[in-house]
Amino acid sequence: MVDFGRGEIVPMSLLVEELIMMLEEDAIALNCQAELLGLREILEGGTSAVRQRAIAAAAAQGGADHDTQMKAVVTHLMEEFHVDL
């Protein structure tokens, strides 16, 4: 990513850490620190879209047709949603 303040290309992880530091006080005031720190999880594990594509691709490699691939994605989303309940 381009850090326009520095005028150079830097790793996304560095920019995310800077963003967390810049917003930390506001996150504390708004009681949303966990959500802000969730940026690190997205960096490490990818977005939900990345995971969904991987699930569909794995199903396709297993010979699943399009409908079955989509069902696998929906099943994954339901499982992921229920993790924190």
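Readers should treat all values here as calculations from the given coordinates under stated rules, not as data from a laboratory. Since the model is a prediction, treat every value here as computed from it, not as a measurement. Neighbour counts run over all protein chains shown; Cβ positions are idealised from the backbone, glycine included.
Peptide packing: for 38-49, 64-75, the average count of neighbouring Cβ atoms within 10 Å per residue gives the ranking 64-75, 38-49, highest mean first. With Cα atoms as the point set, the radius of gyration and Dmax of the chain evaluate to 17.7, 50 Å.
Where Lys and Arg each count +1 and Asp and Glu each count -1, what net charge lies around Ser48 among other residues with Cβ under 15 Å from its Cβ? Don't skip to the answer; put the middle values down first.
Values: positive: Arg51, Arg53; negative: Glu35, Glu41, Glu44, Glu79, Glu80, Asp84.
Result for the local shell: -4.
Taking every Cα-Cα distance in the stretch 1-46 and sorting them into 5 Å bins from zero, the calculated P(r) comes out as 5, 21, 26, 21, 16, 9, 1 percent. Along its three principal directions, the equivalent ellipsoid of the stretch 35-85 from the Cα gyration tensor extends over semi-axes of 24, 13, 6 Å, largest first.
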